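Take a look at the structure below.
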Amino acid sequence: MLEVILDTETTGLSTASDHRIVEIGCIELKDQISTDKIFHAYINPQREVSGDAFKMHGYSNKFLSDKK
């Protein structure tokens, strides 16, 4: 079986407050074994990271400022 495991980090948890994704990571598995196909990217959310989100992932506004 082929699977893709996806993980994201965000500026916060509320879409109503326009929170956005700041990191995406994906790993492909075949029969629960990594195929070594991965994707990883940091994203500039073009908004402030909430204090609670920073406590969780540690990505500061300065760190994210030069990302795509």
Counting just the residues of region 35-50 that are in a strand (DSSP E or B) and not polar (S, T, N, Q), which one comes out least open to solvent (accessible area, probe 1.4 Å)?
Ala41
Residues of region 1-34 satisfying the condition of being open to solvent by 50 Å² or more (accessible area, probe 1.4 Å) and polar (S, T, N, Q):
Thr8, Thr15, Ser17, Gln32, Ser34
Identify, by number, the condition in (1) in contact with a strand residue (DSSP E or B) (Cβ under 9 Å, 6 or more places away or on another chain); (2) without any contact (Cβ under 8 Å) to a residue 12 or more places away in the chain that Lys68 doesn't meet.
(2)
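The values are calculated or read from the model by the stated rules, or taken from the named source; none is laboratory data. Bear in mind the structure is a predicted one, so any value in this text is a computation, not a measurement. Note: ideal-geometry Cβ built from the backbone for every residue, glycine included; neighbour counts use all protein chains shown. With ligands, DNA and RNA removed, areas are computed over all heavy atoms of the protein, side chains included. Shrake-Rupley method; radii C 1.70, N 1.55, O 1.52, S 1.80 Å.
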